[in-house]
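The values are calculated or read from the model by the stated rules, or taken from the named source; none is laboratory data. This is a predicted model, so every value here is computed, not measured. Backbone-built Cβ (ideal geometry, glycine too); neighbour counts: all protein chains shown.
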Amino acid sequence: MKRLRIARCGTQLLAPSAPRRPSCPCTAAFQRNSTPHNHRRSLTVQATAQLPDGETRHDIAASEELSEEPLKRAHSQARRHPPEALPSPHPRSAKQSAKLAALRSRLSLPSRFPLETLARTLVHPSADPDPAFNNASLSSLGSSLLSYYTTEHLFCNYPRLPIDIVFAAQYAYIGPKALATIASEWGIEAAAHPGGEVDPGLLQFLRLRSGEQLPPALRRRTPYKWNLTKTHRILVSDEFGSTSAEPNPEDLAKKPVPLEEAAQSFVRALVGSLHLHLGSPLVKRFFRDHFLSRQLDLASLFDFRHPTRDLSRLCAREGFEAPVARLISESGRLSRHPVFVVGVYSGKDKLGEGAGSSLDEARVRAAAAALKAWYLYKPLDVTVPSSTEGGVGAEAWKPNMIDCGEVIV
Amino acid sequence: MASRRPLRTLISTGPSALRAPQRVRRVIPETSACAFSTSAPTRDPATEIQYEAQSQARPRWQQTPARMIAPVRTRPLPKGPQFKVNDSPVKLDEMYNRMLGPDGYKVLSDEVKWLAVTHKSFDHGRRGFNDRLAFLGRRIVSLQASLALINSPQAKTTPEVDEYGRTPYTHPALAGLPGLTSEAKDSVMQIWRLAPIAQRYGLDKVTRWKPRKADDLEASGQNAVLATSLYAIVGAVALERGGEVANKIVQEKILAPMGLTFSG
């Protein structure tokens, strides 16, 4: 059945056309700057290139009129570089992305934080090697910020923590697995394959297919030294005390990486971009809300080899009386499941108590409990070093306790 | 109620193991650590160890804890000359004045002043060491170096159109980001760049450490020890005086000699 064509034979049935709106004095200028839809995309490409430093797309309306020449050039460029050919979405598509806007409001970030920067933090160097479009430099800054804030939190709140535990606690708070978990909690989804046509609100990185090997930069990690001591680790290694260096972003360009690596770089880049756009007070609040709010049981990170020997040396160093283990109570000594409760005493003071199914086990547990009580000492109220930055907080400053170090056996 | 008889005497150190069981006079070193024990020890003047009376008032940095010293040295002395370590507070204060400014010796408290320049190799770590301070100091220097690279005047370049015909998004806050590359960052925080700065302040004369070979300090890793001390001083200032003071010291005394200037 043939379709009726309204335009040809039914124009008298249509509603009368609306009367022409009175012409506005600035219509001419408006028509000069606003272009038909299919030319708008190519126009903004050329416009951004022509504008002087610092101006963005929003300044197009205020700039002088654009001639026909750059319009034709921009249009041909768009035909040569369709979105699918770009390695990552064009910055202008950030404003149209619902995912980015939703992410910004989900993280309670102020609206003056640009969506274009948020889009940039989601682009891993494996998707786009250009450092002006990926998150490598932002990630480097964010990594320094995160490790600084975590370190000062741990050192001020737990001044006697051994350096091994510090490494482990840093890994627990801001390590790659923790950051990947945080990214998934924030609702970050990954694009199946990076490209200019994907939604800018997706995490873009070259995905590792299942069964595929890691890229050489992540696989062959040469250690710093063959006999890396803890002190040297502090000097050359990262905040987790890793035995080898992290790969450079250039080595990961266009190489498939695991999701953990991309998520870690996104979270770090986000913190870095927050610092640059919004300033350090907001970054500190963000860190407190999203990272420090995670619960970590520091006592479970300890693993003593010879706690009795360590405790004895510690008492000798601090000048306490030599520790002595005494049986506090016991039950079922000749049965199948005896329980012995042993306390370690220095003079009249009980340093620690432990229960075990043998006398030795209880004694060792008591010594470990005593060492944990020493190492996990926590002052009541502390002021962290970053609280004095910017000249504020000088009157509330309280010098932190500095411990001489863990006992060396 | 705990039993009077000890379960098994834990391994105690040299002096008390060799002699008959006796009450050892408790030494309270003046440190920032609070004393753990609250009970007063019973004192037997007849068997009191002589040197303990002298060591009572001396600070932790000045002496090894008495009960950690064995009465007899069992290993032979190492070959080569002995390495002499500074024990003069005057020389240490001079170094701090050189590094931290005119009243530099007042910035840190007494114990912490010595702790910041004591390496773990010194006295087997019995008088404390600067590992933890160096960890914090390195984090501060790393952050300040990143910010210096972002704020450096060479970093502010005009964005160019790339091969795909796109220009990056520009914003005044992101202006200096091209200056922060991994090569630039790695090249700043190198031991061979920090050690000469430490030597300039005289840290090599006051750092307390034990080189493997006293006649070849370079091969014994002096550069690493000096860099550790430098970081540790920064960390100590941050913990005792706050981040603002520490950041200023890093910018003026460590990064500026390396050529990294702060425009903002």
Counted residues in the stretch A:384-409 being at pLDDT below 90 and either over 18 Å from residue B:237 (Cβ atoms) or surrounded by fewer than 15 Cβ atoms within 10 Å (Cβ to Cβ) (or both) come to 6
If I filter the stretch A:230-248 down to residues being modelled with pLDDT of 90 or more and not in a loop (DSSP other than H, G, I, E, B), which single residue comes out as farthest from residue B:189 (Cα to Cα)? A:230
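Could you please find all residues in the stretch A:156-166 being farther than 16 Å from residue A:304 by Cα and touching a Phe, Trp or Tyr at 6+ places or on another chain (Cβ under 8 Å)?
Result: A:158, A:159.
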Name the residues in the stretch A:322-359 that are assigned to a loop (DSSP other than H, G, I, E, B) and within 47 Å of the chain's Cα centre (by Cα), would you? A:322, A:357, A:358
Here is a check on your reading of the model: is residue A:206 away from every other protein chain (no Cβ under 14 Å), out of contact with any Ser or Thr (no Cβ under 6 Å at 6 or more places or on another chain) and crowded, with 18+ Cβ neighbours inside 10 Å? no
Mind listing whichever residues of the stretch A:108-163 are under 22 Å from residue A:190 (Cβ atoms) and touching an Asp or Glu at 6+ places or on another chain (Cβ under 7 Å)? A:130, A:134
Would you mention how many residues in the stretch B:109-141 are surrounded by 24 or more Cβ atoms within 10 Å (Cβ to Cβ) and polar (S, T, N, Q)? 2
Restrict the check to the stretch A:219-229 and report whether at least one residue is part of a loop (DSSP other than H, G, I, E, B) and touching a helix residue (DSSP H, G or I) at 6+ places or on another chain (Cβ under 8 Å). yes
Is at least one residue of the stretch A:374-383 more than 25 Å from residue B:143 (Cβ to Cβ), more than 7 Å from every other protein chain (Cβ to nearest Cβ) and assigned to a helix (DSSP H, G or I)? yes
For the stretch B:180-242, list the helices (runs of 4 or more DSSP H) that sit wholly inside it and hold at least 3 residues that are within 9 Å of chain A (Cβ to nearest Cβ) and touching a helix residue (DSSP H, G or I) at 6+ places or on another chain (Cβ under 6 Å); which are they? B:222-241
Qualifying residue in the stretch B:154-162 (condition: farther than 20 Å from residue A:386 by Cβ, modelled with pLDDT of 90 or more and among the hydrophobic types (A, V, I, L, M, F, W, C)): no
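Looking at the structure I just gave you, is residue A:140 in contact with a Lys or Arg (Cβ under 7 Å, 6 or more places away or on another chain), within 27 Å of residue A:87 (Cβ to Cβ) and assigned to a helix (DSSP H, G or I)?
Numbers: in contact with a Lys or Arg (Cβ under 7 Å, 6 or more places away or on another chain): yes; within 27 Å of residue A:87 (Cβ to Cβ): yes; assigned to a helix (DSSP H, G or I): yes.
Against the criterion (in contact with a Lys or Arg (Cβ under 7 Å, 6 or more places away or on another chain), within 27 Å of residue A:87 (Cβ to Cβ) and assigned to a helix (DSSP H, G or I)), residue A:140 qualifies.
Here is a yes/no grid of residues against (1) assigned by TED's automatic domain parsing to the domain that holds residue A:120; (2) buried (at least 17 other Cβ atoms within 10 Å of the Cβ); (3) at pLDDT 90 or above:
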{"residue": "A:167", "(1), (2), (3)": "yes, yes, yes"}
{"residue": "A:186", "(1), (2), (3)": "yes, no, yes"}
{"residue": "A:191", "(1), (2), (3)": "yes, yes, yes"}
{"residue": "A:250", "(1), (2), (3)": "yes, no, no"}
{"residue": "A:262", "(1), (2), (3)": "yes, yes, yes"}
Would you check if residue B:256 is free of Cβ contacts under 8 Å to residues at least 24 places away in the same chain and not in a loop (DSSP other than H, G, I, E, B)? yes
Residue pairs within 6 Å by beta carbon, gap of at least six or interchain, first lying in the stretch A:220-237 and touching a residue at least 12 places away in the same chain (Cβ under 8 Å) and within 11 Å of chain B (Cβ to nearest Cβ), second of a type in the set (Val, Ile, Thr) and outside any loop (DSSP other than H, G, I, E, B), listed first then second, are A:230/A:163
Only one of B:80, B:101 is under 28 Å from residue A:398 (Cβ atoms), surrounded by fewer than 23 Cβ atoms within 10 Å (Cβ to Cβ) and more than 14 Å from the chain's Cα centre (by Cα). Can you tell me which? B:101
